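Some notes on the structure that comes next.
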Amino acid sequence: MELARRLREAETGGWSGPALRAVVEGLGWQWQEGTSGPRLVTGPAPDASPRWTPRLRPVDRFEKDYVHGGEEYVGLYVPVALPEGGAAGKAAAFRAVAEVLTQEFGPASIMGAYGDPGPFYDSAPLWGSPFLRWRERENTLELHAGEHGPELLLQPTDPVENWFWRQGHGEHYALGGFFGSRRDPANAGLGFPGRWRTDDWDVFTHTLGDFLDTLPAETHALGIELDFGFHALVPGTYGPILFHLLCGDRLEIIYDPERLGEGVTDPASFGWIPQATRPAALDHWLEAPYHSGDFGIGEVDGRRLARMMVATLRDLGVSSPKDLSLTDHAQSVGDYHVDYYGLTLQENP
């Protein structure tokens, strides 16, 4: 993709106004001064449509605390597709662009999904928030989710990473989604904020629901599969794996109460579907007698699934979300090491 190559090779000169104007004009676009900042004009329709128009992000009140190099701007955003078909169309368009960029530049050094909040406290697009980054010391090229479809984003590396790092303050909802990095020289010096935890079931239900809501769109867009279990410290046990989540193009969760013995509340009363009534659709590494049903892009009711899981856990006597952990392979996703900030959970110790 010629545009991506030119963005990656751009001389941004510390992200000052004059340097960015030279970049914009070098791309053959016009820089028009306006009362609310520069407007970038790429040419006649359909390029002149607001949804196609590139934009610059100036350093404003949400960005200024994370800028230490005198930057006047922290991003040049360029829409690259405006697909139809709702969330499924946007996820497919993202994946198509991602495959072209990966062929051109190799695998992204960083990948993930932002959830809420995104960098500099942006709200996530409704369809999902996947991103791929080709990180370099001064500038980073990112393919990320815009509200209308995938966008290329050229940004100075330090400000967005400063924002990310400083979200490790431990307060509720500090970070969402998941963040994966490869063993890649490009990631030298990359820092990872600490996770936030909660002992409040309502907070956990909220963040788990948000994590699940758009997960099939994000995993499909990124071309990955998430595959992990949840351990739970049920009283009288050593913390068995109760749930297994699998999500690629579709999401399904299975529930295995059999190792808990007699006296377990009927799982169907919480919404779990017996295998005998309808078999699970996906290929899980556990054989379990109950499942959630399987859901594609735009079909997930994350809050309902989260309430179902939490009601099950509380009925079993699990005292707090801090008594949950992920299976020990959960953080390995292909060549990436992944932190699940939106789940708030650590790997099983």
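The values are calculated or read from the model by the stated rules, or taken from the named source; none is laboratory data. Nothing here was measured: the structure is a model prediction, and the numbers come from that model. Glycine also receives a Cβ, built like all others from the backbone with ideal geometry; neighbour counts cover every protein chain displayed. Protein only, heavy atoms only, side chains kept; ligands, DNA and RNA dropped before computing areas. Shrake-Rupley method; radii C 1.70, N 1.55, O 1.52, S 1.80 Å.
Within the range 268-286, the set of residues being more than 28 Å from the chain's Cα centre (by Cα) and either surrounded by fewer than 16 Cβ atoms within 10 Å (Cβ to Cβ) or under 24 Å from K90 (Cβ atoms) (or both) comprises A268, S269, P274, Q275, A276, T277, R278, P279. Among strands (runs of 3 or more DSSP E) entirely within the range 38-138, having at least 3 residues that are touching a Lys or Arg at 6+ places or on another chain (Cβ under 8 Å) and either at pLDDT 95 or above or open to solvent by 20 Å² or more (accessible area, probe 1.4 Å) (or both) singles out 73-79. Applying the condition of being touching a residue at least 60 places away in the same chain (Cβ under 8 Å) and not in a loop (DSSP other than H, G, I, E, B) to the range 329-349 and asking which residue is farthest from A108 (Cα to Cα) yields D339.
The listed residues are V318, V338, V333, V300, and the only one of them that is open to solvent by less than 50 Å² (accessible area, probe 1.4 Å), under 23 Å from the mean Cα position of the chain (by Cα) and within 22 Å of H172 (Cα to Cα) turns out to be V338. Considering the range 199-210, and only residues there that are buried (at least 17 other Cβ atoms within 10 Å of the Cβ) and among the β-branched types (V, I, T), the residue that is nearest to G342 (Cα to Cα) turns out to be T207. Test V74 against the criterion of being under 19 Å from W163 (Cβ atoms) and in contact with an Asp or Glu (Cβ under 6 Å, 6 or more places away or on another chain), and give yes or no. Considered against the rule, which asks whether it is under 19 Å from W163 (Cβ atoms) and in contact with an Asp or Glu (Cβ under 6 Å, 6 or more places away or on another chain), V74 comes out as yes. Filtered by the rule that a residue be open to solvent by 30 Å² or more (accessible area, probe 1.4 Å) and not acidic (D, E), the range 321-330 gives K322, H329. Just so you know, in the range 137-154 the residues that are over 18 Å from the mean Cα position of the chain (by Cα) and touching a residue at least 60 places away in the same chain (Cβ under 8 Å) include one that is farthest from G118 (Cα to Cα), and it is E138. If you go through the range 1-33 and keep only what is within 17 Å of P58 (Cα to Cα), open to solvent by less than 40 Å² (accessible area, probe 1.4 Å) and part of a loop (DSSP other than H, G, I, E, B), you end up with T12, S16.
Got a number for residues in the range 166-193 being of a type in the set (F, W, Y), surrounded by 15 or more Cβ atoms within 10 Å (Cβ to Cβ) and closer than 30 Å to G70 by Cβ?
Let us first name the residues in the range 166-193 that are of a type in the set (F, W, Y), namely 173, 178-179, 192.
Subset that is surrounded by 15 or more Cβ atoms within 10 Å (Cβ to Cβ): 173, 178-179.
Filter again for closer than 30 Å to G70 by Cβ, leaving 179.
Residues flagged as of a type in the set (F, W, Y), surrounded by 15 or more Cβ atoms within 10 Å (Cβ to Cβ) and closer than 30 Å to G70 by Cβ within the range 166-193 amount to 1.
Residues in the range 289-304 that are on the phi < 0 side of the Ramachandran plot and not hydroxyl-bearing (S, T, Y): P289, H291, D294, F295, G296, I297, E299, V300, D301, G302, R303, R304.
Residue by residue, here is whether (1) without any contact (Cβ under 8 Å) to a residue 24 or more places away in the chain; (2) under 17 Å from P321 (Cα atoms); (3) open to solvent by 40 Å² or more (accessible area, probe 1.4 Å) holds:
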| residue | (1), (2), (3) |
| --- | --- |
| R195 | no, yes, yes |
| P216 | no, no, no |
| P235 | no, yes, yes |
| E252 | no, no, no |
| D266 | yes, no, yes |
| A288 | no, no, no |
| G293 | no, no, no |
| A306 | no, yes, no |
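Residues considered: T265, T312. Of these, the only one that is hydroxyl-bearing (S, T, Y), under 28 Å from the mean Cα position of the chain (by Cα) and outside any strand (DSSP E or B) is T312.
Considering only the range 218-233, state which residues are surrounded by fewer than 23 Cβ atoms within 10 Å (Cβ to Cβ) and either free of Cβ contacts under 8 Å to residues at least 40 places away in the same chain or farther than 17 Å from Q331 by Cβ (or both). Scanning the range 218-233 gives G223, A232, L233.
For the structure I just gave you, tell me whether G239 is surrounded by 14 or more Cβ atoms within 10 Å (Cβ to Cβ), within 26 Å of P130 (Cα to Cα) and not aliphatic (A, V, I, L, M).
On the way: surrounded by 14 or more Cβ atoms within 10 Å (Cβ to Cβ): yes; within 26 Å of P130 (Cα to Cα): no; not aliphatic (A, V, I, L, M): yes.
When the stated conditions are applied, G239 does not pass them.
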